[in-house]
Amino acid sequence: MELDAQFQGMINFISYFGAGLALTALFLIIYTAITPQKEFKLIREGNVAAACSLGGALVGFIIPLSSAIMNSVDFLDMIIWGGVALVVQLIVFFILRILFRSLPAGIEKGVLSEGILLGVFSLAAGILNAACMTY
């Protein structure tokens, strides 16, 4: 009986971890498609502002995704709340782009303050999002 429980635990781990990786890849694909700057290209060129903005958005997504994994009642529930985390991060970007019109151009130019601003707001939204998922 114990071996069956361990096997089921391993299957659950692989399922949730795989889904988490897939949701993260989906987030990165969508996020980098909707932002006007090409983050990965800029990061390869040494643009720290792009690394800060994308890094903050990624961590801002991962924190609520991990909360969804820990607090979900089943696999589908986790997928749904992971989707919510994704949408929240996209909304944060759109709001900041409206409030700070120069944000994408600033990040492309390597203006560190613009990259940090977007990264920190993304991270803050992710922490708030994760906290709200626990209720």
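No value in this document is a laboratory result; all are computed from the given coordinates. This one's a predicted model, so the numbers in the text were calculated from it and none came from an experiment. Counting neighbours? That spans all protein chains shown, and the Cβs are built from the backbone with ideal geometry, glycine included.
Listed by number, the DSSP H helices of the chain that run 18 Å or longer by alpha-carbon position along their axis and have mean Kyte hydropathy of at least 1.6 are 48-71, 75-99, 112-133. In this structure, Val59 and Ser15 have a Cβ-Cβ separation that, at R0 = 22 Å, corresponds to a calculated FRET efficiency of about 0.40.
Short-range pairs are left out: with C-alpha atoms under 8 Å and at least six residues apart, the relative contact order of the chain is 35 percent.
The label point for Leu128 and the one for Ile30, both projected 7 Å from the Cα toward the Cβ, are 1.9 nm apart.
Highest GNM mean-square fluctuation among Leu99, Leu65, Leu21, for the chain modelled with Cα contacts below 10 Å: Leu99. Can you give the net charge of the other residues whose Cβ lies under 11 Å from the Cβ of Lys38, counting K and R as +1 and D and E as -1? Once all neighbours under 11 Å are counted, the net charge is -1. Reported value for the range 40-135: 83 Å³ per residue, from the convex hull of its C-alpha atoms. Of the residues Leu23, Leu42, Leu58, the one that moves most in a GNM of the chain with alpha-carbon contacts below 10 Å is Leu42. Peptide packing for 11-17, 47-53, 66-72 was compared via the average number of neighbouring C-beta atoms within 10 Å per residue; ordered from the highest value, the list is 47-53, 66-72, 11-17.
Extending 7 Å from Cα along the Cβ direction at Phe75 and again at Val87 yields two label points whose distance is 2.3 nm. Taking a Cβ cut-off of under 15 Å around Tyr16, the surrounding Lys, Arg, Asp and Glu residues balance to a net charge of -2, with basic ones at +1 and acidic ones at -1.
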